[in-house]
Amino acid sequence: KSRLDELVTTFGVSLFGVLIFFFAFILDDIIITPKDYLKYFLFLFTCQFLLTYIPRVFITTNVNHRLRKGIIGFNTAIIGCGESALQLYDALKIKKNNVGNFLLGYIKTADTQEDYLEGKLTCLGEIGNLSEIIAENKLEELTIALQNGQRKYMEELILLARDNRNIT
């Protein structure tokens, strides 16, 4: 998440929450001047916004930092082992800002002719055993790198992702 998204979200939620609180509890209080309403509202909004935004930014920055350093991440596998899978592997390998993927290996398709990833990554199995491979390796993310002739596996992968909600 970006800090700008955090700012906009926190601003909107804080404004909504303070408006509800203000109309529910403060509007019926005895106030000497109408400017007191504005002072109370601004005070409540400032407190709510700062007490929410500062921890959110701290948490987001900390998580982003840990993802980039590789301290935390998502167990990931590449589906396919053809030329496009090798290009994807190379792109992930040389990427300067790690996006939090722990690349555990690759999954072969049944009609694989050449295995371009052999020796570079661990083969986790074949696509026919995908459910077992996901459970066994606790995969959270699958990156699809199929060749043009292997598009028939896409429907199977989409159905599997629908059944396993923890896969992205």
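The values are calculated or read from the model by the stated rules, or taken from the named source; none is laboratory data. If you're wondering where the values come from, they're calculated on a predicted model, not measured in any experiment. Heads up, the Cβs are rebuilt from the backbone with ideal geometry, glycines too, and the neighbour counts pull from every protein chain shown. Heavy atoms of the whole protein, side chains included, go into the accessibility calculation; ligands, DNA and RNA do not. Shrake-Rupley method; radii C 1.70, N 1.55, O 1.52, S 1.80 Å.
Tabulated values for the structure
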{"item": "Top-ranked residue in region 10-28 [being under 30 Å from Gly100 (Cα atoms) and either in contact with a helix residue (DSSP H, G or I) (Cβ under 6 Å, 6 or more places away or on another chain) or in contact (Cβ under 8 Å) with a residue 12 or more places away in the chain (or both); ranked as surrounded by the most Cβ atoms within 10 Å (Cβ to Cβ)]", "result": "Thr10"}
{"item": "Number of the condition not met by Ile32 [criteria: (1) surrounded by fewer than 16 Cβ atoms within 10 Å (Cβ to Cβ); (2) assigned to a helix (DSSP H, G or I)]", "result": "(2)"}
{"item": "Region 118-142: number of residues that are open to solvent by less than 80 Å² (accessible area, probe 1.4 Å) and touching a Gly at 6+ places or on another chain (Cβ under 8 Å)", "result": "5"}
{"item": "Hits in region 100-117 - residues which are surrounded by 12 or more Cβ atoms within 10 Å (Cβ to Cβ) and either of a type outside the set (Val, Ile, Thr) or modelled with pLDDT under 80 (or both)", "result": "Gly100, Asn101, Phe102, Leu103, Leu104, Gly105, Tyr106, Lys108, Thr112, Asp115, Tyr116, Leu117"}
{"item": "Test: residue in region 80-90 that is exposed (fewer than 12 other Cβ atoms within 10 Å of the Cβ), at pLDDT below 90 and hydrophobic (A, V, I, L, M, F, W, C)", "result": "no"}
{"item": "Selection count where residues are out of contact with any Phe, Trp or Tyr (no Cβ under 7 Å at 6 or more places or on another chain) and either buried (at least 16 other Cβ atoms within 10 Å of the Cβ) or assigned to a helix (DSSP H, G or I) (or both), scope region 48-79", "result": "22"}
